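Here is the structure we will look at.
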Amino acid sequence: MKDTAKHQGLRNQLVQIVEQKGITDKAVLDALKKVPRHLFFDSGLADYAYQDKAFPIAAGQTISQPYTVAFQTELLQVKKGDKVLEIGTGSGYQTAILCAMGASVYSIERQNELFKQTTLLLPKLGIRPKLLTFGDGYKGMPNYAPFDGIIVTAGAPIIPKPLMAQLKIGGRLVIPVGETIQIMTLVIRKSEKEFEKHELGEFRFVPLLEDKN
């Protein structure tokens, strides 16, 4: 599949929709304009790529709604060169948005099928995160911590303590918390032991799976 002028036009329309819903961060909007979302879809669903909706992908997972991607990314306040940990690589679309914003992205995926697909897809699209790995997102990546930002793209019943521990002081963790409906939660690390928490509305995500072994 190619990225055509028609696709670019559809992306521009999508960005207008996302802006109308309240996203103002220019770097986020520019990344949405730049990243060809249709290339992260099965070819049969590619025509739906520029609707502001979530869609199914392999392994019973979803590619998040563009507004949700933009909302979470805006909360992270990503600056060029920031070290960002992504929990749930999924289709790789959120990874691509972060890379387009100049972040140094470390991403972890629990579903082996998706991990294999994304590891092949991203380099083909010229998208180069620092590290893609297969593993348990609840544990994060302690060997590469601390991170400027951590983004979780699946619903977690609680905020995993290892992720809070892997934030830099001043760092931001964006995570949907809850069982069936999630509350988008922003955690800012104020000091070694002090964290500030903000709850920012309801969303629906697939569950974050924990490795029980």
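Among the residues of the stretch 142-193, those that are in contact with a helix residue (DSSP H, G or I) (Cβ under 9 Å, 6 or more places away or on another chain), hydrophobic (A, V, I, L, M, F, W, C) and over 19 Å from Y106 (Cβ atoms) comprise M184, L186. Only residues that are modelled with pLDDT of 95 or more, in a loop (DSSP other than H, G, I, E, B) and closer than 24 Å to S91 by Cβ were counted in the stretch 141-157, giving 1. With respect to V84, is the statement that it is over 22 Å from K168 (Cβ atoms), under 11 Å from the mean Cα position of the chain (by Cα), buried (at least 18 other Cβ atoms within 10 Å of the Cβ) and of a type outside the set (S, T, Y) true? No; evaluated as a whole, the condition is false for this residue. Within the stretch 36-65, if we keep just the residues that are small (G, A, S) and closer than 23 Å to K2 by Cβ, the residue that is surrounded by the most Cβ atoms within 10 Å (Cβ to Cβ) turns out to be A49.
With L10, L29, L76 as the choices, which residue is over 23 Å from P207 (Cα atoms), within 16 Å of the chain's Cα centre (by Cα) and surrounded by 14 or more Cβ atoms within 10 Å (Cβ to Cβ)? Talk me through it step by step, then tell me what you get.
On the way: L10 fails: within 16 Å of the chain's Cα centre (by Cα); L76 fails: over 23 Å from P207 (Cα atoms).
On inspection, the qualifying residue turns out to be L29.
T68 meets each of the listed conditions (1) surrounded by 17 or more Cβ atoms within 10 Å (Cβ to Cβ); (2) out of contact with any strand residue (DSSP E or B) (no Cβ under 8 Å at 6 or more places or on another chain) apart from (2).
For the stretch 158-212: of the residues being assigned to a loop (DSSP other than H, G, I, E, B) and touching a Phe, Trp or Tyr at 6+ places or on another chain (Cβ under 8 Å), which is modelled with the highest pLDDT?
Of the stretch 158-212, the ones assigned to a loop (DSSP other than H, G, I, E, B) are 158-160, 166, 178-181, 190-194, 204-206, 208-212.
Those left that are additionally touching a Phe, Trp or Tyr at 6+ places or on another chain (Cβ under 8 Å): 160, 166, 181, 208, 210-211.
Values: P160: 93, Q166: 98, I181: 86, L208: 74, E210: 61, D211: 56.
Only one residue fits best here, namely Q166.
For the stretch 31-133, list the helices (runs of 4 or more DSSP H) that sit wholly inside it and hold at least 2 residues that are among the basic types (K, R) and without any contact (Cβ under 8 Å) to a residue 60 or more places away in the chain; which are they? Steps first, answer last, please.
Numbers: elements: 66-76, 93-100, 112-124.
Once the helices (runs of 4 or more DSSP H) in the stretch 31-133 are filtered for at least 2 residues that are among the basic types (K, R) and without any contact (Cβ under 8 Å) to a residue 60 or more places away in the chain, what remains is 112-124.
When the criteria are applied in full, K80 meets the requirement of being over 21 Å from L163 (Cβ atoms) and at pLDDT 95 or above.
Please work out if A96 is over 20 Å from P160 (Cβ atoms) and touching a Phe, Trp or Tyr at 6+ places or on another chain (Cβ under 9 Å).
Details: over 20 Å from P160 (Cβ atoms): yes; touching a Phe, Trp or Tyr at 6+ places or on another chain (Cβ under 9 Å): yes.
Spelling it out, A96 is indeed over 20 Å from P160 (Cβ atoms) and touching a Phe, Trp or Tyr at 6+ places or on another chain (Cβ under 9 Å).
Every listed requirement among (1) under 22 Å from P56 (Cβ atoms); (2) surrounded by 14 or more Cβ atoms within 10 Å (Cβ to Cβ) is met by F147 save one, (1).
The values are calculated or read from the model by the stated rules, or taken from the named source; none is laboratory data. Only a predicted model underlies this, so the values are computations on that prediction, with no experimental measurement involved. Glycine gets a Cβ as well: all are built from the backbone with ideal geometry, and neighbour counts include every protein chain shown.
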